[in-house]
1. For the chain, modelled as a GNM with alpha-carbon contacts under 10 angstrom, which of Glu142, Glu351, Glu73 fluctuates the most?
2. Need one number: nm distance between label points at Thr51 and Asn410, each 7 Å from Cα along Cα→Cβ, rounded to one decimal.
3. Scan around Ala350 for amide H atoms under 5 Å from its own, H built in the peptide plane at 1.01 Å from N, and keep only partners 5 or more places away or cross-chain.
4. What is the distance in Å between the Cα centres of segment 249-277 and segment 328-356?
5. Is segment 102-209 best put as rounded, prolate or oblate by its Cα gyration tensor, with a ≥ b ≥ c the root eigenvalues, rounded for a/c under 1.5, and otherwise prolate when a/b is larger than b/c, oblate when not?
6. Mind listing the long-range amide H neighbours of Gly88? Cut-off is under 5 Å, sequence gap 5 or more, other chains count too, H placed in the peptide plane at 1.01 Å from N.
7. Using modelled backbone amide H atoms (1.01 Å from N, in-plane), which distant-in-sequence or interchain residues come within less than 5 Å of Gln317's amide H?
8. Can you list, by residue number, the Cys in the chain that have no neighbouring cysteine C-beta under 4.7 Å?
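Here, each number is a calculation from the coordinates, and none is a lab measurement. Because the structure is predicted, anything quoted here is derived from the model rather than measured. Backbone-built Cβ (ideal geometry, glycine too); neighbour counts: all protein chains shown.
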Amino acid sequence: MRAQLILAMLVVASFNLNAANLTTKQQKLWLEDIEFYQNEVKTRHINPFHTLSEAEFNQHINDLKNDLANLCEVEIETRLMAITGALGDGHSNYFMMSGPHQHFPFRYKFFEDKLRVIDTTKAYQSLRGKALKAINGKSVSELFKIVSPLLPGVDNQFSAKVSFEYYLTLHKLLLGLDIVKEGKPTKFEFWHKGKVIEKEILPVSMGEFGQLSSAFSQTMPKLQNTDIAMPGIKLRYLNEKSVAYFAFNSYPKFEQVVDNCKALQTQLKSAQSRYLVIDFRANGGGDFYTGLAFSSCLLPLDQFDWQHGVYVLTDGQTFSAAMSNTVQYQQILNAKIVGTPTGGDPNHYAESYRFTLPNSKRKLSLSKRYYAFLKESTDAIYPNIQIAPSWQDYQNGKDTVLLEVLNLINKNKAQ
C-alpha cells in the first residue's frame, strides 16, 4: 500500500526538477526500454504479481509512458525504481547506480533509531558520530517513509533500514524524489549534544564515496587469519584455539569449498577446537549450496560440541543465501543464532535473473525461484539471543555480539 502511495506521489510531483526534458529521440529509446522492462517482468519473474496486481502494474507503466514528454531521465529512473519496489520482494530490483551517479559524502548506520555518521570525507570529519536530523528540512523519519518503498534488496523492516542507510547518500535518487535540487547545495542538519549543526553540502564522485567504510572497526580480538583457500571465509582461532571462528563475509565458489575441505579438516583437527562460531553479519548472499558444502565439511568433525557449542551470528545485512544458510545451520548444525534479526525473509522469492535495458543500459533483477524454509509465517530469522551493538561499543571497536558468544562458551566450559 505504501509503495502505491509513493507511486501516486511521484506522478503528481513529477515535472518539478530543474533538468532538461528528453528529446523526441531519447523519449523513443526510453519507451523501448520501458516496454522491454514490462515484458521481462511478466515473463521472467516466477510470480510477478504476488504483491502488486497486474492491472496496477500495467497502469503504472502506462502512466510512465504517457508522462515521458515531460520527464527528465532521473525522474524516469525513479519511477522505474518505484514500480520495481512495488513488486514486493528483495530480489526484484532496479539498480539506479548502474548509470552515472554521485553520492553525498557520508556512510550512515542506525543505533537505537538514531542514524549516525560512521565515516565521511576529510572535509567533514567533525561530523563523525553525529546523528542526522534532516535533509533540506525533511526529518529522518520522513525521509524513510519516502525513500524506503523504492529501495532494492528489501525483504523486511530490517533490510529496509540497511538499504536506507546506503541509498540515502545517492544524490540521483533524492533528486528524483524532489528532496534535493540539481546543482544546488543541500542543507544537512545534525544533532550534537542537543544542538543543531547545519551544513551546505554538495555530492562527490562515486570514487571518492567508495573510499568510505561502513565496516565494524574492531579493536578486539586482534588475531591473524588462517588461510583456508576459501575466498570470503576467514578462519581465526579464539580462546587458545578452543573456538574456531569463521568470518563468512562472502561466498567462495562451490568448487573452492569442496577442493579445500580436507585441508580445512586437517587444520581444525590439529587445533582441536571444540566450539564453532560462523559469522554471517554483513553477508548479502551468494550460493547457498556453497554454504551447505561448507557445513558438510564441518559435520564429520566429532571434536565439536554439536549439542551446545555451535553459534551463528546475524544482523540486518544477513540476506539471501546467508539468511538461507542461517536457517539450515540452525537445523543441521544445531546452531544457536545470536545478534539481530536477518534482513532476509526465510520464506521468500529469490535467485536473481539479471538483465540490462537495451538502450539506457540500466541494470535490473527479478526473482525466478521461491523458497519456503520455515513452515510458520515470519518476516525474518529472529535470533535465540538478540543483541544490538550500542553506539558506544561500536565507536570503541567492541564487538558486543561476539563477546557475548565467547562469554556463553566460557560458561559452558565451566559447567
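1. Glu142
2. 4.3
3. Counting only residues 5 or more places away or on other chains, the set is Lys368, Arg369, Tyr370, Tyr371.
4. Their Cα centres are 21 Å away from one another.
5. Rounded, since a/c falls under 1.5.
6. Here nothing satisfies the definition.
7. Ala282, Gly343
8. So, Cys72.
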